[in-house]
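The values are calculated or read from the model by the stated rules, or taken from the named source; none is laboratory data. Fair warning: this is a prediction, and the values are worked out from it, not measured in the lab. Heads up, the Cβs are rebuilt from the backbone with ideal geometry, glycines too, and the neighbour counts pull from every protein chain shown. Accessible surface is based on the protein model in full, side chains and every heavy atom, while ligands, DNA and RNA are left aside. Shrake-Rupley method; radii C 1.70, N 1.55, O 1.52, S 1.80 Å.
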Amino acid sequence: MAITAAMVKELREMTGVGMMDCKKALAETDGDMEKAVELLREKGLAASAKKAGRIASEGMVEIYLSDDNKIGAIVEVNSETDFVAKNQVFRDYVAAVAKQASASSAKDMDEFFAEKWNQDEQFTVKEALSQQVAVIGENLNIRRFEKYEKTGSGKLVSYIHGGGRIGVLIELACEKEADALVELGKNVAMQIAALNPKFITEKDVPQDFIDKETEILTVQAKNDPKNANKPDNIIEKMIVGRLKKEMKEFCLVEQPYVKDGDLTVQKYIDSVAKEVGAPIEITRFVRFETGEGMEKKEENFADEVAKAMN
């Protein structure tokens, strides 16, 4: 497979690795982007898959919570430019999409687009989107949504960062619906926004994820010249130690709490639970980042101005 400059550029942006190393990795993996990322990690060049996924497209994330706190919905709506993303007409529309998602029974985006638009039922969600494109004068897209319905006692809590760049919706379970749960939820949601954990606890980590990470760490360790004379049992202990360290990064409750590095997130939760007088558990969370994993259209501003003048 021919390796193009665009492919090399994409891999570089995903991993932060130099152009030549990216080109070699793509050549060795016959252009398979995921395998190239793994290869660079195995060689110790890409520090972590956390860099993978390009944050590129414009738009915003919005969250709707029902007044009774029983339903929450998070959506991402994309626009072509940052200018439109800051426009109040666009922001009002995204808020309406989030409210639509909270009442939706759709299981995927096709079903969601086919639903009646709650603000005007003579249109579908897709048709209402087309109207907004005509009003705003720029291509828009509802990319994704997720809906939570609370089944027991506790709180749904939302957090929006950077004016809609990142959104987090979190569900806390607690038999006492104390006001302290809201502050706890905000603080933990801020943690999720900042450090982007993949799982809540180590129990939630799938075995295939652990196997893949172990495989990558093993290749890294064996390729490191410093380990050339070390026996296999020592290398195995090193891999176990590194995996344990990674789990503390991937698992939310194991992470150092951003507001107090002396605590883990779990210890912070336990301290609030003691105040409330009942156990508190994070049952689930979702984090959306605008443009996550999407490619941005490249534009030359000078060329754009020249075209406009002509």
Dipole of the chain, positive direction: furthest Cα of LEU129, ALA178, LEU217, with charges on the beta-carbon: LEU217
Residue-normalised accessible area of the chain, expressed per residue, 1.4 Å probe, Å²: 56 Å²
Neighbour cut-off at most 12 other Cβ (10 Å), DSSP loop, trypsin sites (Lys or Arg not before Pro), region 79-124: LYS107
Distance in nm between pseudo-label sites at GLU183 and GLU146 (7 Å out along the Cβ direction from Cα): 2.7 nm
Partner lysines for LYS116 [C-alpha distance under 25 Å; skip if fewer than 8 residues away on the same chain]: LYS70, LYS99, LYS107, LYS126, LYS147, LYS150
Cα gyration tensor category, rounded, prolate or oblate, for the chain with a/c compared to 1.5: oblate
Listed residues ALA98, ALA25, ALA228, most fluctuating in the chain (Gaussian network, C-alpha, under 10 Å): ALA228
Length released on extending from SER105 to ALA27, taking residue separation times 0.36 nm less the Cα-Cα span: 23.6 nm
Two-site FRET efficiency, VAL135 against ASN69, from Cβ-Cβ distance with R₀ of 25 Å, rounded to 0.05: 0.15
Percent accessible area from carbon and sulfur atoms, region 98-234, protein chains only, probe 1.4 Å: 47 percent
Where a label projected 7 Å from the Cα of ASP260 along Cα→Cβ would reach, residues of region 152-191 with amide N under 14 Å: 184, 187-188
